[in-house]
Amino acid sequence: KGSKIVGESPEIIAIKEMIERVAPSDARVLITGQNGTGKELVARSLHDLSNRSKMPFIEVNCAAIPAELIESELFGHEKGAFTSAVKDKKGKFEIASGGTLFLDEIGDMSASAQAKVLRALQENVIQRVGSERDVKVDCRVVAATNKDLRKEINEGRFREDLYHRLAVILIHVPSLNDRKLDIPLLAEHFLTHI
């Protein structure tokens, strides 16, 4: 059961070794890198090599969900919480319980969702939209971003306390420009697939 990451460049070998070291722990990981570098593959490898591998791997693309829906998506909602809430709905934090929750493009998350995610990470509880009741959750959170979160923090768009909660371990995935050795291996890999 190895990593599905293709590459033998020193940079990729270092990432694979890091994944093997940290996957068995529940430490939160923040994966950085440009679009298309394989951040999701790193997140999946962390899950597949963890003690949670038999439980769900749930992905949320924070950039693809409108700001007004992200909280319902992450935390669920009670029936009647808003016009289209016709029944109770579990959020991704609950669905991922026991497994891994992958928050992709975390840098695009609204300020109010950031505050609620921070609370979920601090206390392992969430509240569904429209409810006062605490729901216990137990998922390992892995996040990814193509943004410079330090810059986002300085410009007031990302919470520094949330950054420190998410970035317990940092894994940077270099672009192909920085690992040209891997291009023939990747070409071979995709040709085999096709």
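The values are calculated or read from the model by the stated rules, or taken from the named source; none is laboratory data. Being a predicted model, the structure only gives us computed values, none of them experimental. Positions of Cβ are backbone-derived with ideal geometry, glycine not excepted, and every protein chain shown enters the neighbour counts. Only protein heavy atoms, including side chains, enter the accessible area calculation; ligands, DNA and RNA are left aside. Shrake-Rupley method; radii C 1.70, N 1.55, O 1.52, S 1.80 Å.
Quick check for me: using +1 on Lys/Arg Cβ and -1 on Asp/Glu Cβ, what's the dipole size of the range 62-164 about its Cα centre, in debye to the nearest 20?
220 debye
Taking θ as phi - 60°, what are the ³J(HN,Hα) couplings along the range 62-74 by the Karplus curve (6.51, -1.76, 1.60), each to the nearest whole Hz, with x for Gly and Pro?
Karplus-based 3J(HN,Hα) across the range 62-74 equals 5, 7, 8, 9, x, 3, 6, 9, 4, 5, 5, 5, 7 Hz.
Would you kindly calculate the translational diffusion coefficient of the range 123-179, applying Stokes-Einstein with the Kirkwood radius from alpha carbon pairs, for 37 °C and a viscosity of 0.692 mPa s, and quote it in µm² s⁻¹ without decimals?
Numbers: Rh = 14.2 Å.
In µm²/s, the coefficient rounds to 231.
In the range 1-119, what percent of the accessible surface is made up of carbon and sulfur (1.4 Å probe, ligands and nucleic acids excluded)? Write out the running numbers ahead of the final one.
On the way: 2950 of 5610 Å².
It is 53 percent, rounded to a whole number.
What share of the DSSP beta bridges in the range 1-137 is antiparallel, in percent to the nearest 5? Intermediate results must be reported in sequence, preceding the final value.
On the way: 5 of 11 bridges.
Given both bridge residues lie in the range 1-137, the antiparallel proportion sits at roughly 45 percent.
Using the Cα atoms of the chain, I'd like the radius of gyration and the largest Cα-Cα distance, Dmax, both in angstrom.
Expressed in Å, the Cα Rg and Dmax of the chain come to 17.6, 55.
Sorted by packing (mean other beta-carbon atoms within 10 Å per residue), highest first, where do 40-47, 128-135, 180-187 land?
Working: 40-47: 21.8, 128-135: 15.2, 180-187: 13.0.
My ranking of the peptides, most packed first, is 40-47, 128-135, 180-187.
Going by alpha carbons, how many degrees (0 to 90, nearest 10) lie between the helix axis of 10-22 and the longest principal axis of the chain?
For helix 10-22, the angle is close to 40 degrees.
What is the percent carbon and sulfur in the accessible area of the range 125-194, measuring with a 1.4 Å probe over the protein chains and ignoring ligands? Walk me through the numbers on the way to the answer.
On the way: 2320 of 4360 Å².
Here carbon and sulfur together make up 53 percent of the probe-accessible area.
Apply 1/(1 + (r/R0)^6) to the Cβ-Cβ distance of A27 and K79, taking R0 = 41 Å, and write down the FRET efficiency to the nearest 0.05. Walk me through the numbers on the way to the answer.
Working: r = 37 Å, r/R0 = 0.89.
Efficiency for this residue pair is about 0.65.
How far, in nm, would the chain grow between K147 and H189 when pulled straight, counting 0.36 nm per residue and subtracting the alpha carbon separation? Intermediate results must be reported in sequence, preceding the final value.
Numbers: separation 42, 0.36 × 42 = 15.12 nm, distance 2.84 nm.
Length difference between fully extended and current span is 12.3 nm.
Taking Rh as the Kirkwood radius, which is the inverse of the mean 1/r over Cα pairs, what is the Rg/Rh value for the range 52-136?
Details: Rg = 12.4 Å, Rh = 13.1 Å.
In the range 52-136, Rg relative to Rh is 0.95.
Report P(r) for the range 1-77: all Cα-Cα distances, bin width 5 Å, range 0 to the bin holding the largest distance, values in whole percent.
Answer for the range 1-77: a P(r) of 3, 13, 22, 21, 17, 13, 7, 3, 1, 0 percent.
At 1.4 Å probe radius, can you tell me the per residue accessible area of the range 1-93 in Å²? Can you show the working numbers first?
Details: 4930 Å² over 93 residues.
Value returned for the range 1-93: 53 Å² of accessible area per residue.
Among L166, N177, L191, whose Cα sits farthest toward the positive end of the charge dipole of the range 145-194 (+1 at Cβ of Lys/Arg, -1 at Cβ of Asp/Glu, about the Cα centre)?
L166
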